[in-house]
Each structure stands twice: as C-alpha cells, then as structure tokens.
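The values are calculated or read from the model by the stated rules, or taken from the named source; none is laboratory data. Keep in mind that what you see is a predicted model, and the values were worked out from it rather than measured. In this analysis, Cβ positions are derived from the backbone assuming ideal geometry, glycine residues included, and neighbour counts consider all displayed protein chains.
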Amino acid sequence: MNMKSQVLSSQTIELERDQVSILGPKLELHDCTVISEADGRGMAFAGLRMHGGVFDQKQVLRNFHFQGVHFLRVRFMGKYIGCDFGDWEDMDRSSVSECDFHLHACTIAVC
C-alpha cells in the first residue's frame, strides 16, 4: 500500500503483515485509526502528519525509528520495544507532541 498526497479524516488505515506500507509524502491523517500488523520492515513513513486518532500496533514492534512522521495528540496502543519517536536533530523531519504513550525502552524526542 502506498498512500500519499491526501488529507483523510476519521478513516481506518490497515497496515498488513507481509506487505510494505508507505505513508507519505504529503499525507495527513486527522482523527484516524491506524491498525498495524506490520513489523519494522513493512512500514515506511515519508512525510506523514497524524493529528489525533490512534496508532494500534497489533504485534510487538521492536527497534523501529518513526522517522519522517509528525504525531500530534495521537494515542499509541500495543507494544513498542526499543522504538524511537521524533528526531533529536531536526524537528522538521520528525516530531511528537501531546501524545499518549505506554512504551518500554523507547526514546521520545520532544521539544
């Protein structure tokens, strides 16, 4: 799946196992639900802005860097181990703000 150059509201997006899903560039999700069964090899973010909504990771996601995505007021569900959210060097590239996390051994870069 490749989603780009759209603005979606109140939609459900499913990232399937054994399939590569690319979100972006210029993709905006407003109050959407992302249900992911993908592992780190099956997801790529290339300019996603997610405002509100839920990111529900159905299987454990390990050591993944959410790079190229901006999360604002997103609720994260599921298990994330050793994942990085945001970007320490360039907030224009990736950011996370006002989100609800329940994480294990992850890094969040917040300004």
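Listing for the model above:
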item: Subset of the stretch 68-94 (residues that are within 14 Å of GLY24 (Cβ to Cβ) and either at pLDDT 90 or above or surrounded by 15 or more Cβ atoms within 10 Å (Cβ to Cβ) (or both)); result: GLY68, VAL69, HIS70, PHE71, SER94
item: Subset of the stretch 67-98 [under 19 Å from HIS51 (Cα atoms) and acidic (Asp, Glu)]; result: ASP84, ASP87, ASP92, GLU98
item: Flag for LEU8 being part of a strand (DSSP E or B), within 20 Å of LEU61 (Cβ to Cβ) and either at pLDDT below 95 or not basic (Lys, Arg) (or both); result: no
item: Listing of strands (runs of 3 or more DSSP E) fully contained in the stretch 13-102 that carry 2 or more residues being touching a Cys at 6+ places or on another chain (Cβ under 7 Å) and over 17 Å from ASN2 (Cβ atoms); result: 75-81
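Matching residues to (1) more than 20 Å from GLY78 (Cβ to Cβ); (2) crowded, with 17+ Cβ neighbours inside 10 Å; (3) not hydrophobic (A, V, I, L, M, F, W, C):
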{"site": "GLU14", "(1), (2), (3)": "no, no, yes"}
{"site": "VAL20", "(1), (2), (3)": "no, no, no"}
{"site": "LEU23", "(1), (2), (3)": "no, yes, no"}
{"site": "GLU28", "(1), (2), (3)": "yes, yes, yes"}
{"site": "ALA38", "(1), (2), (3)": "no, yes, no"}
{"site": "MET43", "(1), (2), (3)": "no, yes, no"}
{"site": "ALA46", "(1), (2), (3)": "yes, no, no"}
{"site": "MET50", "(1), (2), (3)": "no, yes, no"}
{"site": "GLN59", "(1), (2), (3)": "no, no, yes"}
